[in-house]
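A short write-up of the structure that comes next.
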Amino acid sequence: MSKMTPQEMAQKIGSGLLSFPVTPFKADYSFDEATYRANMDWLCGYDVAGLFAAGGTGEFFSLTPTEVPQVVKVAVEETKGRVPVLAGTGYGTAIAREIAIGAEKAGADGLLLLPPYLTHSEQEGLAAHVEAVCAAVKIGVIVYNRDNAILQPDTVARLAERCPNLVGYKDGIGDIELMTRVYTKLGDRLTYVGGLPTAETFALPYLDMGVTTYSSAVFNFVPEFATNFYAAVRKRDHATIHAGLKNFILPLIAIRNRKKGYAVSIIKAGMKVIGRDSGPVRPPLTDLTEQEIAELTALVKNLPAAGSTQQAAE
């Protein structure tokens with residue numbers, strides 16, 4: 001069980017950069033626990049405010065409800081309290097509650113509630129879904145506003161009143177007007193997380209709206225770049241931000257956008273590039289081609305901090 005209160009967890013993750021570690025798989029797609037432990041220990045050596053085990057980049061959608069708590073348990077054991085560990089949960093309400101309870105028992109400090117599976121709902125139904133998950137656990141819950149789960153400001157406000165452990169709101173749609181309305185209505189009742197892919201492209205304008213943190217997928221394989229970029233965002237260092245976007249983030253996005261599902265695949269490829277091969281992505285995702293991995297390798301090598309990142313992996 002977590003020793004952090006939901007409010008303590010929310011305050012902690014709002015103070016710095018967040019990331020979603022990949023879930024390593026062996027050639028047969030089984031969970032590679034040893035590699036996961038090594039990756040988690042390595043990432044904890046950098047300035048990160050929270051790690052999300054079995055999240056979107058961690059291929060939550062390909063994990064079974066039994067596997068998620070197993071992955072979370074390993075993450076909690078390996079981080080040893082150095083950073084908060086949050087777990088993904090989702091699908092239908094019953095499965096989301098089951099996973100949430102399992103993650104809490106595994107020691108997670110909080111939950112990220114992903115959109116329900118393949119269904120569109122009215123606000124009343126979405127609210128019931130969120131409330132049911134919050135009621136199932138004592139740890140803090142962050143709701144992910146994305147795709148088929150778009151909560152309106154009044155709905156978020158009602159949930160915040162009914163659910164003391166609803167402590168975070170992650171935006172994954174990029175609707176600036178909606179984000180502004182939510183923040184204006186809720187203020188510091190919630191911690192706000194930038195969750196657009198790729199979050200670095202929206203980090204600066206979102207900071208001006210009260211979104212103090214975001215989830216960086218590239219932190220998995222270029223942690224020095226990711227933490228330096230985040231520091232530049234917090235300082236509003238426009239020159240460093242634009243250089244990072246031009247020289248790394250935007251070229252990476254160009255590769256990512258070539259095929260569906262590459263938002264996760266390119267991060268797994270990045271792990272291979274730096275010598276921390278974490279195996280393939282599970283179907284229905286597909287891995288990058290050898291040519292695309294070569295392009296990604298060139299991008300990483302051109303980063304000033306690439307040398308220290310690669311040495312850390314050796």
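From the list K268, K246, which one is open to solvent by 10 Å² or more (accessible area, probe 1.4 Å) and either closer than 26 Å to A34 by Cα or free of Cβ contacts under 8 Å to residues at least 60 places away in the same chain (or both)?
Going through K268, K246 in turn, just one is open to solvent by 10 Å² or more (accessible area, probe 1.4 Å) and either closer than 26 Å to A34 by Cα or free of Cβ contacts under 8 Å to residues at least 60 places away in the same chain (or both): K246.
Any residue at all in region 255-262 that is in a helix (DSSP H, G or I), farther than 22 Å from E224 by Cβ and within 21 Å of the chain's Cα centre (by Cα)?
Yes, that holds for at least one residue.
K246 is checked against (1) within 19 Å of T23 (Cα to Cα); (2) outside any loop (DSSP other than H, G, I, E, B) and fails just one. What number does that condition carry?
(1)
Among the residues of region 198-207, are any under 20 Å from M271 (Cα atoms) and modelled with pLDDT of 95 or more?
yes
Which members of region 191-226 meet the condition of being within 16 Å of L245 (Cβ to Cβ) and either more than 13 Å from the chain's Cα centre (by Cα) or among the charged types (D, E, K, R) (or both)?
Within region 191-226, E200, T201, F202, A203, L204, P205, Y206, L207, V222, F225, A226 meet the criteria.
What number of residues within region 218-234 satisfy the criterion of being free of Cβ contacts under 8 Å to residues at least 40 places away in the same chain and open to solvent by less than 10 Å² (accessible area, probe 1.4 Å)?
3
Which residues, counting only those in region 171-200, are open to solvent by less than 10 Å² (accessible area, probe 1.4 Å), charged (D, E, K, R) and closer than 21 Å to G110 by Cβ?
Within region 171-200, D171 is the sole residue that qualifies.
Any idea which of D237, D287 is open to solvent by 30 Å² or more (accessible area, probe 1.4 Å), over 19 Å from the mean Cα position of the chain (by Cα) and under 30 Å from A10 (Cα atoms)?
D237
Filtering region 94-142 down to residues that are free of Cβ contacts under 8 Å to residues at least 24 places away in the same chain and either part of a helix (DSSP H, G or I) or polar (S, T, N, Q) (or both), which residue is least open to solvent (accessible area, probe 1.4 Å)?
Here the residue is G125.
The values are calculated or read from the model by the stated rules, or taken from the named source; none is laboratory data. Keep in mind it's a predicted model, so treat the numbers as computed, not measured. Using ideal geometry, Cβ is built from the backbone for each residue, glycine included, and neighbour counts are taken over all protein chains shown. Accessible surface areas use protein heavy atoms only, side chains included; no ligands, DNA or RNA. Shrake-Rupley method; radii C 1.70, N 1.55, O 1.52, S 1.80 Å.
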